[in-house]
4 protein chains.
Amino acid sequence: MKLGFVGLGNMGLPMAKNLLAAGHEVVVWNRTAARAEPLVRQGARVAATPAEAAKGAEVVFSMLADDRAAEAVALGPQGIIEGLSKGAVHVSSSTISVALSQKLTDAHASAGQGYVSSPVFGRPEAADAKQLWVLAAGAKADVERCRPALEALGRGLTVLGEQASMANVAKLSGNFLIAAMLETLAEAFAFTRKSGIEPKQFMELFQSVFARSPIFERYAQAIADEKYSPAGFAMRLGLKDVGLVLDAARAAEVPMPLASLVRDQYLGGVAQGHGDLDWSALGALVAERAGLPGPR
Amino acid sequence: MKLGFVGLGNMGLPMAKNLLAAGHEVVVWNRTAARAEPLVRQGARVAATPAEAAKGAEVVFSMLADDRAAEAVALGPQGIIEGLSKGAVHVSSSTISVALSQKLTDAHASAGQGYVSSPVFGRPEAADAKQLWVLAAGAKADVERCRPALEALGRGLTVLGEQASMANVAKLSGNFLIAAMLETLAEAFAFTRKSGIEPKQFMELFQSVFARSPIFERYAQAIADEKYSPAGFAMRLGLKDVGLVLDAARAAEVPMPLASLVRDQYLGGVAQGHGDLDWSALGALVAERAGLPGPR
Amino acid sequence: MKLGFVGLGNMGLPMAKNLLAAGHEVVVWNRTAARAEPLVRQGARVAATPAEAAKGAEVVFSMLADDRAAEAVALGPQGIIEGLSKGAVHVSSSTISVALSQKLTDAHASAGQGYVSSPVFGRPEAADAKQLWVLAAGAKADVERCRPALEALGRGLTVLGEQASMANVAKLSGNFLIAAMLETLAEAFAFTRKSGIEPKQFMELFQSVFARSPIFERYAQAIADEKYSPAGFAMRLGLKDVGLVLDAARAAEVPMPLASLVRDQYLGGVAQGHGDLDWSALGALVAERAGLPGPR
Amino acid sequence: MKLGFVGLGNMGLPMAKNLLAAGHEVVVWNRTAARAEPLVRQGARVAATPAEAAKGAEVVFSMLADDRAAEAVALGPQGIIEGLSKGAVHVSSSTISVALSQKLTDAHASAGQGYVSSPVFGRPEAADAKQLWVLAAGAKADVERCRPALEALGRGLTVLGEQASMANVAKLSGNFLIAAMLETLAEAFAFTRKSGIEPKQFMELFQSVFARSPIFERYAQAIADEKYSPAGFAMRLGLKDVGLVLDAARAAEVPMPLASLVRDQYLGGVAQGHGDLDWSALGALVAERAGLPGPR
């Protein structure tokens, strides 16, 4: 395929490399043109503007650091939208806001162009090793048209429907999952360490019991299915145990705000009469506050 | 070995069964004696009191629902402490408070008896299938003496030093990890669902990218090692992305208190000049507030 | 009246002084007897134990630093309960737990004695100037019997019914009100200061607009009456404004966890369809999570 | 003075009325022109566009519901900026974002016009009764020029320096103070009510002890002065008392997330060695996390 690629940062560079390696023709653009050199050796051509990189391409990728940069290369002067042919597709791989993704969808639609939102999971090393996990959402025909290129970028692809911004929702949710896990680990290590357990010891335990454990996917499935009874472990027991964590952390003088948050959620669940549901019914408590169906 | 086992609930019953199956002699006690019947058929003897179950045993296990019950069978009238021989060991497998564990340590020490705290990870089905993960902490000689019995209960054993209550700290931390993950998943599913992604779709993505992924153990290792630079993904980027999550969740009307918490942590980290550390440096921010060494 | 007074700390000493000044006969006890000297000059007699201070008294006060001390002087060896006559009353003014207050109620009832819980609001200076505000709860006859002494301590008295521990609930709630206001002020000053407003300037504004303002009592009345419509200022406007606070605080790099909490409360309220209620309907949202009636 | 007034909602209408009553000439504009009728009877002239209302005015006020409306009437087609003379001043009284206030500052400066940000505290009834408290920030000469009009609106005026957006920071902080107090009251009433105290009873206590009390201003002053020692009431006692609140609330099954937040703040303060500072040193803990000077 004839491709464009705009944005050759730590992620963009190895992604463009893999597109070339898969046999595609690629015209690249980067603010600092020197970044493109290794790609030129692979056969890439360098454009002077994003618009030029988009010109004649069936699909043009963009991979930028933030909303400001992503919007500038797409909609700014000499941006992608100016060069892209009618019917061709802009694939945006940047981690951007849901709002900008909707704006790009509308802008390209007005220009008679396609827009696919396609953020990825994985670090630069994974990009280099073609081990990214790729998301995609947008009009079905547009996604299908891009599929060969998207599949050249990683080890798998999840398509999230026809509304492009859903891929951004999913990407942001993934980053939230990691950030939340970091807070979780931070509190667990602070608590155990100040209580007298060496981080190395707790790490071994984490490895043995939690790392790559099916626990989390079983609970994710329960929440996806909204199946909270019969309880494997009841919410009132969850409340008891998180209460014991907080008591011990108070004695050890370790603030654990996430434990406090979960404690308050369970306390509310029990107070509202849901103490016999499974402790994963946090899924229903949180949903209820968002105006979705709650516990039954 | 000659063993006692006090408390034949959903967890205690299969644990006692496995001790019998491993060839140990077991005298059992339960508030409702009828629960012991299947064990009797396996060769167990039924005692009339916890003290009697402990009498003559090298090691007596207890597995009760909460602090109140665990304290009653250990230290109450006709409790374990009354029947246990000097030098013999009480292994407490209940999920109890750190404070009660310390109280039991002292009480047994005063009586010339050993005390090993040995809570377990796993549900009743895992107990039945000998797939528990067993923790143990207490005087080295006591732990070693119990080891054959402890190894008969599960698929592995982690010893956490000579202070018995450390095993309770570790067990509670494990339950905290799960509860925190449940809140995380609850918020992620509410956010994606209300934004328009089917739970089934998000579940597939979770399976592909996060389930059994090495991500979490790599980050746990970073926090255990307090290694936060060079950044793989900088805290200021974490702040940006969690900010985007909250913006999108505000638009979709989904309260995400855990996302707010993490946002405020990152915002503080950046405000204090740590924005270039890896986003896992939440480990250092949380540690600092506990009076442990913070970010450097 | 013949009174006893146990505990002559920063609060107890001026309180005992005022009882003497009101013409009561007072026998005092303190761990460090020398603290009693100024009272002796006023005519107090010094007892050797709490029990002795209680002996022959119609009413014995206790004012200690925490649960441990309060329990020790009441129920410990040579404690108040040993010396107090049947029908006489123990007035506990310490800020203690609700649980200990209930335990003291039961213990004194078993001994045929009365128990009145009577914590106070005010600092040592207020105690000295007879400007405390005094709470009291307990059996009606007991409270009435103590009334002359209670009225000698401060500028006013609120009686909170016949269940003694309700006075402790009220006292703790009052301290919570202050602590919460401290967090509120802390965040407001950090936000304004880092944004570029001098603390002195913001203090002047606080004085002009908020200090001694009827705003807070009007809102407290609305919550007491559960009257949330018609809205004076709608919850959706509250959500908007707290959102603007957080946006500005993000830009200024000021974490405001309380603002985040309130934002999430409002977001949930709006998501659940209550956006047109007055923003004080936080009262109903919080009540609902406690299993009380929620928004209508 | 010759004034313009744009936006005759619940707040704008009585404000414009008071400007007319003070003898100013006022040209008004409102999206729904009929709203202007009572003002016309007072002598106001009705303009067809915001630009026309601004034309010839020394000062033009705007009072709109949100950022979108405020930006539209100021910078949109036929907006204030188009009609306002060079050297004349736009006074924006809307509660808008700090970011929009900065944008308006820049836009008017580029047009050679003045911009004063002047949000107000008070409900429509207060506006009607000329009881608003008025904030103002902007170039000194501009503020002085508007002063007669600003003073016609309320009972007092606080000037917050030359950077217009500081008035928005202050207004938002004020609304945050109220919203935070609402959460505080909501939790206190839920806790006392579910514990067994009638809301009416707790309201009486609130009236007696907290309403119009100097407590809050004394603490605000301490935080403004960063004076946290000697402690009137030490942080470790604050930790103890908020801990007792949470224990009692757990027993009564009342989630109190704000109490949890404050508890974690105090626990962190104590863990970091600040337990002997006054409990108002929350001011320093919060400041430190914002990158400002922390506890000493």
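The values are calculated or read from the model by the stated rules, or taken from the named source; none is laboratory data. What you see is a predicted model; the values in this text were computed from it and never measured. All Cβ positions, glycine included, derive from the backbone under ideal geometry; neighbour counts span all protein chains shown. For accessibility, only protein heavy atoms count, side chains too; no ligands or nucleic acids. Shrake-Rupley method; radii C 1.70, N 1.55, O 1.52, S 1.80 Å.
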- Zone of residue B:22's modelled label, taken as backbone nitrogen in the range A:199-227 under 20 Å from a point 7 Å along Cα→Cβ: A:205, A:208-209
- Message: Counting only other chains, and only Cβ atoms inside 10 Å, what mean value do you get across the residues of D:97-110?
- Response: 2
- Expressed in nm to one decimal, what extension gain is obtained for the pair residue D:251 and residue D:86 from 0.36 nm per residue of sequence separation less their Cα-Cα distance? 52.8 nm
- Out-of-range pairs (alpha-carbon distance over 25 Å; input A:55/A:103; B:194/B:240; A:194/D:194; C:86/D:200): A:194/D:194; C:86/D:200
- In the range B:12-48, the trypsin sites (Lys or Arg not before Pro) that fall in loop regions by DSSP, at most 16 other Cβ within 10 Å: B:31
- Nearest 0.05, what FRET efficiency do residue A:42 and residue B:147 give at R0 = 60 Å with Cβ-Cβ as r? 0.50
- Output, in nm with one decimal and in ascending order, the distances from the residue B:43 label point to the matching label points of the other copies (7 Å from Cα along Cα-to-Cβ). 7.3, 8.4, 10.9
- Of A:133, A:191, A:210, which is farthest on the positive side of the dipole of chain A, counting Cα position, with +1 on Lys and Arg Cβ, -1 on Asp and Glu Cβ, and the Cα centre as origin? A:133
- How much accessible surface area, in Å² rounded to 10, belongs to the heavy atoms of residue A:55 with a 1.4 Å probe? 140 Å²
- Query: Rounded if a/c is under 1.5, else prolate if a/b is larger than b/c, else oblate: which is the range A:2-169, with a ≥ b ≥ c the root eigenvalues of its Cα gyration tensor?
  - Reply: rounded
- residue B:225 - accessible surface, heavy atoms, 1.4 Å probe, Å² rounded to 10: 90 Å²
- When Cβ neighbours within 10 Å are restricted to other protein chains, what is their mean count per residue of peptide C:62-71? 1
- Query: What 222 nm value per residue comes from the helices of chain B, counting each DSSP H run with n ≥ 4 as -39,500 (n - 2.57) and dividing by all residues, nearest 500 deg cm²/dmol?
  - Reply: -16000 deg cm²/dmol
- Query: What dipole magnitude, in Debye to the nearest 20, does the protein assembly as shown give about its Cα centre under +1 on Lys/Arg Cβ and -1 on Asp/Glu Cβ?
  - Reply: 0 debye
- Just check the range D:1-87 against the gyration tensor rule for me: Cα atoms, a ≥ b ≥ c as the square roots of the eigenvalues, rounded for a/c under 1.5, and otherwise prolate or oblate depending on whether a/b exceeds b/c. oblate
- Message: Rounded, prolate or oblate for the range A:24-64? Axes are the square roots of the Cα gyration tensor eigenvalues, ordered a ≥ b ≥ c, and the cut-off for rounded is a/c under 1.5.
- Response: oblate
- Item | Share antiparallel - DSSP beta bridges, chain D, percent rounded to 5 | 15 percent
- Query: Where the only charges are on Cβ atoms (+1 Lys, Arg; -1 Asp, Glu), what is the dipole of the range D:2-163 about its Cα centre, to the nearest 20 debye?
  - Reply: 300 debye
- Message: Please report Rg (one decimal) and Dmax (integer) in Å for the Cα set of chain B.
- Response: 23.5, 67
- Task: Mind checking A:216-227 for the average number of partner chain beta-carbons within 10 Å of each residue's beta-carbon?
- Result: 6
- Query: Tell me which A residue has its C-beta closest to the axis rotating A onto D, and the distance in Å?
  - Reply: A:260, 2
- Message: Please compute the volume of the convex hull spanned by the alpha-carbon atoms of the range C:170-289 and report it per residue in Å³.
- Response: 116 Å³
- Item | Nm distances between copies for residue A:140, ranked from closest, using label points 7 Å along Cα→Cβ | 6.9, 7.0, 7.7
- Kirkwood-type radius of the protein assembly as shown, with distances r between different C-alpha atoms, in Å: 33.0 Å
- Which far-off residues, 5 or more places away or on another chain, put their amide H under 5 Å from the one on residue C:4, with H placed in the peptide plane? C:27, C:59, C:60, C:61
- Task: Would you mind working out the magnitude of the charge dipole of the range B:1-81 relative to its Cα centre, with +1 at each Lys and Arg C-beta and -1 at each Asp and Glu C-beta, to the nearest 20 Debye?
- Result: 240 debye
- For the range B:2-162, share of DSSP beta bridges that run antiparallel, in % to the nearest 5: 10 percent
- Query: Among A:174, A:56, A:238, which one shows the biggest mean-square fluctuation in a GNM of chain A, springs joining Cα atoms closer than 10 Å?
  - Reply: A:238
- Item | Estimated inter-spin distance, residue D:218 and residue C:106, nm [label 7 Å along Cα→Cβ] | 3.8 nm
- Task: Tell me the distances, shortest first, between residue A:56 and the same position across the other copies, using label points 7 Å along Cα→Cβ, in nm to one decimal.
- Result: 6.3, 9.5, 11.3
